[in-house]
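Undergrad: Have a look at the structure that comes next, please.
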Amino acid sequence: TLQEGTVQAVFTSVELARDFAETFYTEEDHITPVVTSMDAFKLAHSVDLSEEVGVREVVFDPEATSVGQWTDPQAIMPLSYFRRFIAELDSGLEKMFGEAYMALGYGPEGPPLEVPWMKEEKAWVMEWCWSRVDDVAEDARARASEWETSQNS
């Protein structure tokens, strides 16, 4: 964490995390960042746990300028916004997959477990969904922003 434990830094690559740690913690003995592979949903769970110890914001890919100093993150998000964004993203992805399944003639939950996927069906669902992921993420951002704005009014 940064800023006396109120900010959680998140890096999108191992290299960015190591570069940050080498500069930010230069005077410390062998401080190494904890590197784990996380998707947005695992990160949301981690953020929930962090809030209990005083973290209030998440910053993505900050740059260390000198010992104990950082700047220029790609994004800064209050925890409440990040949690809402992930909830909206989850809902949007679930809806998108349901639409893909329906287009193939299945129900919104997809084919029954005992019905094997045809290779072509699986490829079509992956391509169809991949082409819509950016729209789903943008919609989730918009809904999370609307929620955040209404909460602060």
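The values are calculated or read from the model by the stated rules, or taken from the named source; none is laboratory data. Please read all numbers here as calculations on a predicted model, not as lab measurements. Cβ placement follows ideal geometry from the backbone for every residue including glycine, while neighbour counts extend to all protein chains displayed. Accessible surface is based on the protein model in full, side chains and every heavy atom, while ligands, DNA and RNA are left aside. Shrake-Rupley method; radii C 1.70, N 1.55, O 1.52, S 1.80 Å.
Undergrad: Any chance you could list the semi-axes, whole Å, largest first, of the equivalent ellipsoid that the Cα gyration tensor gives for the chain, using √(5λ)?
TA: 37, 19, 13
Undergrad: Any idea of the accessible area per residue across the chain, 1.4 Å probe, to the nearest Å²?
TA: Computed with neighbouring chains in place, this is 68 Å² per residue.
Undergrad: Another question, if that's okay. Return the distance in nm (one decimal) between the two label points of a simple spin-label model at ASP48 and ALA87, each offset 7 Å from Cα along Cα→Cβ.
TA: Label at ASP48, label at ALA87, 1.1 nm between them.
Undergrad: Lysines within cross-link reach of LYS42: Cα-Cα under 27 Å, excluding same-chain residues under 8 positions apart?
TA: Result set, ordered by chain and number: LYS95, LYS122.
Undergrad: How large is ³J(HN,Hα), in whole Hz, for each residue of the stretch 49-54 in order, when computed from phi with the Karplus curve 6.51 cos²θ - 1.76 cosθ + 1.60 and θ = phi - 60°, using x for Gly and Pro?
TA: Couplings: 5, 5, 4, 5, 9, x Hz.
Undergrad: Now a separate question. If I compute solvent accessible area with a 1.4 Å probe over the protein chains, what percent of it on the stretch 19-153 is carbon and sulfur?
TA: 52 percent
Undergrad: So, one more: Report the charge-dipole magnitude of the chain in Debye, nearest 20, computed about the Cα centre from +1 at each Lys and Arg Cβ and -1 at each Asp and Glu Cβ.
TA: 380 debye
Undergrad: Another question, if that's okay. What are the ³J(HN,Hα) values, in whole Hz, obtained from phi via the Karplus relation 6.51 cos²θ - 1.76 cosθ + 1.60 with θ = phi - 60°, for each residue of the stretch 57-73 in sequence order, with x given for Gly and Pro?
TA: Residue by residue, the stretch 57-73 yields 9, 10, 10, 9, 6, x, 10, 7, 9, 6, 4, x, 10, 9, 7, 6, x Hz.
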